[in-house]
Amino acid sequence: MTAPAPPVTLAAQAGTGGILLWVVLPYVALAVFVLGHVWRYRYDKFGWTTRSSQLYERRLLRIGSPLFHFGILVVLLGHVGGLVIPKSWTEAAGIGEDAYHAGAVVLGTVAGIATLGGLAILVYRRRTVGPVFSATTRNDKAMYLSLTLTVVLGLSATVAANAVGGGYDYRETISPWFRAVLLLQPDPDRMTGAPVLFQLHAISAMLLFAAWPFTRLVHMLTAPLGYLTRPYIVYRSRDARLGARAPRRGWERVG
């Protein structure tokens, strides 16, 4: 009986390339993500916006935006649960590996397809609706490309490892590597044995997070809490006779 072939990877061991990819790049991306948001909030506070295009077109937006946002929210929660929570914790809670794996694959695949479908609708809308396309900057195009690449690689890695391959337990390699980076104890050897699609997905995600502070994605970190305490805005109707007669000197009654 022959042993299964090892997965295709970017590097067989953590040499210089492995250290650059799995030690240097994560900390550079993390530093740019944090400091970039601080810089953006301090020097470009008025640019901290989604630049909403709802005024130009609503039909496609009503379909694509909820589909994308709900899908990406489930994807992010799944990544947090899979990368941050150790495998031993879920097993101690009574969730076996088979049950966790099946739930993660089904939910992750559905959420990934929803995210990709919503993103496709939003990109189609930006390309085909004239005013929306005119309001799309080069920065937006690069952001959409990077976001699409990251989602496609993540979905492809999940499908290739589980639907085509014999399955891959990323909580034995990628999750410990991620937690080690957060604990300032990087272990690049954990990632060098991961399949190439998972490695490419991780690299694209790090590059996306590095670019995040300089795109419209900053709105994700914004909550409209000020609306709860701001005073009411008073609107007054315009006098239809305004401009038809010369204004009188002194005060005039209002109402």
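The values are calculated or read from the model by the stated rules, or taken from the named source; none is laboratory data. Just so it is clear, the model here is predicted, and its values are computed rather than measured. No Cβ is skipped: glycine too gets one built from the backbone with ideal geometry, and neighbour counts run over all protein chains shown. Protein only, heavy atoms only, side chains kept; ligands, DNA and RNA dropped before computing areas. Shrake-Rupley method; radii C 1.70, N 1.55, O 1.52, S 1.80 Å.
So the values come out like this:
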item	result
Charge sum, other residues only, whose C-beta stays under 13 Å from Val123's C-beta, Lys/Arg counted +1 and Asp/Glu -1	+3
Percent carbon-and-sulfur accessible area, the stretch 138-231, ignoring ligands, DNA and RNA, probe 1.4 Å	69 percent
Convex hull of Cα atoms in the stretch 64-149, direction-averaged projection (nm²)	6.3 nm²
Separation in nanometres of the label points that stand 7 Å from Cα toward Cβ, at His69 and Thr148	2.2 nm
Length gained when the stretch Arg58-Thr137 is fully extended (0.36 nm per residue, less Cα-Cα span)	26.5 nm
Selection from Pro186, His69, Leu83 lying farthest towards where the dipole of the stretch 62-220 points positive, charges on Cβ	His69
Packing-based ranking, highest mean first, of 27-37, 112-122 given that Cβ atoms within 10 Å are counted	112-122, 27-37
HN-Hα J in Hz across the stretch 42-49 - Karplus 6.51, -1.76, 1.60, θ = phi - 60°, x for Gly and Pro	7, 10, 9, 5, 6, x, 7, 7
Accessible area expressed per residue, the stretch 158-216, with surrounding protein chains retained (probe 1.4 Å, Å²)	45 Å²
Rounded to whole Hz, the Karplus (6.51, -1.76, 1.60) HN-Hα couplings of the stretch 15-24, x for glycine and proline	x, 4, x, x, 5, 5, 6, 10, 10, 6
Separation of alpha-carbon centers, the stretch 208-229 and the stretch 132-184, rounded to whole Å	20 Å
Ile95 paired with Thr16, simple spin-label distance in nm, labels 7 Å along Cα-to-beta-carbon	4.2 nm
Approximate spin-label separation Tyr43-Val28, in nm, with each point projected 7 Å along Cα-to-Cβ	2.0 nm
